[in-house]
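Notes follow once the structure below has been shown.
The values are calculated or read from the model by the stated rules, or taken from the named source; none is laboratory data. The model shown is predicted, which means the values in this text are computed figures rather than measured ones. Don't worry about glycine lacking a Cβ; one is built from the backbone with ideal geometry, like all the others, and counts go over all protein chains shown. Each accessible area value is taken on the protein alone, full model and side chains, heavy atoms only, with ligands, DNA and RNA left out. Shrake-Rupley method; radii C 1.70, N 1.55, O 1.52, S 1.80 Å.
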Amino acid sequence: MRARSLSSLPSAVVIVGSGIVGAATAYFLARRGIEVRLVEAVAPAAEATGAADGAVSVASKRPGPMMEAALAGVRLYRELESEGLFSGFFKTRSTFIVAASQAECAVLEAHSAALAGAGVRIDILQHEELRQRMPAVSGEAMMAVEVHDEGHAIGYQIVHRLLTAAGIVVHRGAVVEGFLPSSSGNGVRGVMTKHGPVEGDAVVVAAGTGSGALLGFSDVLTPRKGQLLVTERAPELNAGLPGAIMSGRYLLSKGSQNSGHGAPARGLGLVIDPLRTGQFLIGGTREDHGDRTLNDVEAVAKILRDAVALLPGLANVRLLRSFAGSRTAVADGLPLIGRVPGRDNLFVATGFEGDGICLGPLTGKVVADLVCGEAPSLDLRPFDPARFGACEVAA
Ligand SMILES: Cc1cc2nc3c(=O)[nH]c(=O)nc-3n(C[C@H](O)[C@H](O)[C@H](O)COP(=O)(O)OP(=O)(O)OC[C@H]3O[C@@H](n4cnc5c(N)ncnc54)[C@H](O)[C@@H]3O)c2cc1C
């Protein structure tokens, strides 16, 4: 079905940013035979995508449009895996949300009802059943909800896969400074980089935290730092864990049960992901301040203490490295996906906070639909950038 009839498809599209959202948009446009000009300030996956955990998960999503989008996002990963594109890059596993206090049990009960209501397959584990299913988890765990059919993917691997599969060459080191106005109407005819212009019939901004300055959305978008840890290989402990462990506090730190305004200045929501390599990926903080290139001892120590309290076997596993990245958070907790208000052929896809690895491929697919004038397979109305009013795009 066509949302509006375009006299012709674009022949060339400029995409700003080669994180997972830009790379996926590029892939789905290229698959339609459209020439893609992917312009990147640094290098593919240089920002959030290269510093993410990688949960492809519905478990922590807020009920409503985000949960619906995540369900579609996980489905698409599975489809692309069975088509072969993501084969070997997507690990299917459950997520276990674990509550260690009465307060967390209450949040978890409400959240599991919302998950079940959205059609997600869950099991509630208590007492003996919990100990049997997860023997490595400490006695602190009072209750757990197993969310089935979830997965894990490494953001930079997915970007590499999408770009190589579509044969896309990235214009690296090309910071976009503004847009080239079209000679008539409200459109744009490309972007201006520090190396010169790059032209196209449409422009998609998928520049993460860089999108605010380009589109005049700086008040709407906030960088939210996260610190993560990776351990050495511990194959036995890893194999004994039937999926990722997410502490009930993660839901609180992410605001999964509220409107998205309430994230504390430095939240810590524990997620322990057993990787295919036998290592553990452990995260992470949510901080509205701070240099995203730095880790601090206080945060690393706190993450480790919490991780060992929940999974005592980790006490004997060495930490290999710590790293940090910056999520792009939106004031109302929902991403911006759609046409830039008042501009015919300028689109934006950003503001995925801690959900962009899960939603990246799906977003690329629906943005490609929009750019081609087709009705997207996901209802994008809740994510319409126009909800924040008109914006001043950089000239
Ligand atoms: C610590 C941490 C943990 C996370 N865990 C998860 C998780 O478990 N599951 C999940 O789904 N998501 C997770 N995320 C979120 C996920 O990483 C992001 O939502 C996602 O990577 C966003 O992708 P993006 O393409 O929108 O942005 P980015 O990856 O930030 O890419 C934007 C790109 O645009 C480029 N750029 C910026 N400005 C310009 C400009 N002016 N000109 C040209 N290029 C420009 C940047 O260099 C960058 O490469 C996590 C993020 C962090 C930081």
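Only protein heavy atoms count here; under a 1.4 Å probe, Lys365 has an accessible surface of about 60 Å².
For region 36-45, 3J(HN,Hα) computed residue by residue from phi via the Karplus equation (6.51, -1.76, 1.60; θ = phi - 60°) reads 10, 10, 9, 10, 10, 4, 10, 7, x, 6 Hz, glycine and proline entered as x. Among beta bridges identified by DSSP and lying wholly in the chain, the antiparallel ones come to about 75 percent. Dipole orientation for region 268-318: of the candidates Pro312, Thr293, Gly278, Gly278 has the Cα lying most toward the positive pole (charges on Cβ; Lys, Arg +1; Asp, Glu -1). Only helical runs count toward this figure. For the chain, summing -39,500 (n - 2.57) over DSSP H runs of n ≥ 4 and dividing by all residues gives -8500 deg cm²/dmol at 222 nm. Working from the Cα coordinates of the chain, the gyration tensor eigenvalues give, after taking √(5λ), semi-axes of 37, 20, 20 Å in decreasing order. For Lys91, the lysines whose Cα comes closer than 27 Å to its Cα, not counting residues fewer than 8 places off in the same chain, are Lys61, Lys225, Lys254, Lys365.
Straightening the chain between Glu298 and Thr277 buys 4.8 nm, computed as 0.36 nm per residue apart minus the Cα-Cα spacing. The simple spin-label model puts a point 7 Å past each Cα toward its Cβ; for Asp149 and Ser82 those points are separated by 1.1 nm. If you wrap region 277-318 in the convex hull of its Cα atoms and look at it from every side, the mean projected area works out to 3.8 nm².
3J(HN,Hα) along region 358-372: 5, 8, x, x, 4, 4, x, 5, 6, 5, 4, 4, 4, 4, 8 Hz, from the Karplus curve 6.51 cos²θ - 1.76 cosθ + 1.60 with θ = phi - 60°, whole Hz, x for Gly and Pro.
The slack between Leu320 and His127, meaning 0.36 nm per residue of separation minus the straight C-alpha distance, is 66.1 nm. Computed from Cα positions, the angle between helix 102-117 and the longest principal axis of the chain comes to roughly 50 degrees.
With the simple spin-label model, which puts each label point 7 Å out from Cα in the Cβ direction, the Ser8 to Ala394 separation comes to 3.1 nm.
Extension gain, Asp219-Gln102: 0.36 nm per intervening residue step, less the Cα-Cα distance, totals 38.4 nm. A Förster radius of 30 Å combined with the Cβ-Cβ distance from Glu199 to Ala386 puts the calculated FRET efficiency at roughly 0.70.
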